[in-house]
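Structure first, then comments.
The values are calculated or read from the model by the stated rules, or taken from the named source; none is laboratory data. Remember, predicted model here, so these are calculated numbers, not experimental data. Here Cβ is always computed from backbone atoms with ideal geometry, including for glycine, and neighbour counts include all displayed protein chains. When the accessible area is computed, the model is the full protein with side chains, heavy atoms only, and any ligands, DNA or RNA have been set aside. Shrake-Rupley method; radii C 1.70, N 1.55, O 1.52, S 1.80 Å.
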Amino acid sequence: MRFMMRTPFAVATLGFTVILACCNSGSVRQPLRRSQQYRAVVADYKTATVLPSEEEKEYGNRVWKQPLPADSPVMATVTGSSHRDIIQVSYPDESEPRRVYPPADYTNNIEVRVKGATLYVYRAVTLFWTEYRLGVYDLANRKMQVDLLVAPEDMPPRVEGR
């Protein structure tokens, strides 16, 4: 009788352990590859100009609502918030803004940079774990070039006050 009472508990414990292990295992996450493309994109990001943001008064989030710099070959406005939002680009000849990267769970934008006709968005995507991603958006052709998984230690520190 005692064995029968322990069996459901043991099965439930084993099931919970397996589920927890799967959620935290490295096999569920995408592997980080520091390829030649990865190194080139991170190097370009580091030399790009930081797009300024303003602090939202009500919640304290950083908000981007900036036209691209005057030296940019493209006329557009970048909008979005640092907390659970998607950075978007509005072009004067289109009625709807374009998303820079696809929506994901709990996205927090860390920094937005621009270099020529390329927009870079460094962000953290969190659900069971946090992935740091660098989206590269071609402003002239109006499409995403690449969305890389990046290591935070490879990225420059965020520019404070922007």
Task: Added length on full extension, which subtracts the Cα-Cα distance from 0.36 nm per residue, Arg33 to Ala104 - done: 23.5 nm
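Placing +1 at every Lys and Arg Cβ and -1 at every Asp and Glu Cβ, with all other atoms neutral, what dipole size does the range 50-162 have around its Cα centre, in debye to the nearest 20?
So the magnitude is around 120 debye.
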Task: Calculated from backbone phi, Karplus (6.51, -1.76, 1.60) coupling profile of the range 48-63 in Hz, x at Gly/Pro - done: 6, 7, 6, 7, x, 10, 10, 7, 6, 5, 6, 10, x, 6, 7, 10
Task: In Hz, Karplus ³J(HN,Hα) per residue of the range 130-143 (6.51, -1.76, 1.60; θ = phi - 60°; x = Gly, Pro) - done: 10, 10, 9, 10, 10, x, 10, 10, 7, 5, 5, 8, 6, 8
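Subtract the Cα-Cα distance of Asp71 and Glu55 from 0.36 nm times their separation in residues, and report this length gain in nm to one decimal.
The span from Asp71 to Glu55 would gain 3.3 nm if fully extended.
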Task: chymotrypsin sites (Phe, Trp or Tyr not before Pro) restricted to the range 22-122 and DSSP loop, no more than 10 other C-beta within 10 Å - done: Tyr59
Task: Which of Leu148, Leu134 is most accessible, then next, and so on - probe 1.4 Å - done: Leu148, Leu134
Task: Full-extension gain in nm, Glu153 to Glu94, via 0.36 nm per residue minus C-alpha separation - done: 17.5 nm
- [ ] Please give every one of the lysines within straight-line cross-link reach of Lys115, meaning a C-alpha to C-alpha distance under 26 Å, and leave out same-chain neighbours fewer than 8 residues apart.
- [x] Lys46, Lys65, Lys143
Open item on the list: Rounded, prolate or oblate for the range 37-162? Axes are the square roots of the Cα gyration tensor eigenvalues, ordered a ≥ b ≥ c, and the cut-off for rounded is a/c under 1.5.
Closed with: rounded
- [ ] For Glu111, enumerate residues with amide H under 5 Å from its amide H, sequence gap 5+ or separate chain, H modeled in the peptide plane.
- [x] Tyr122
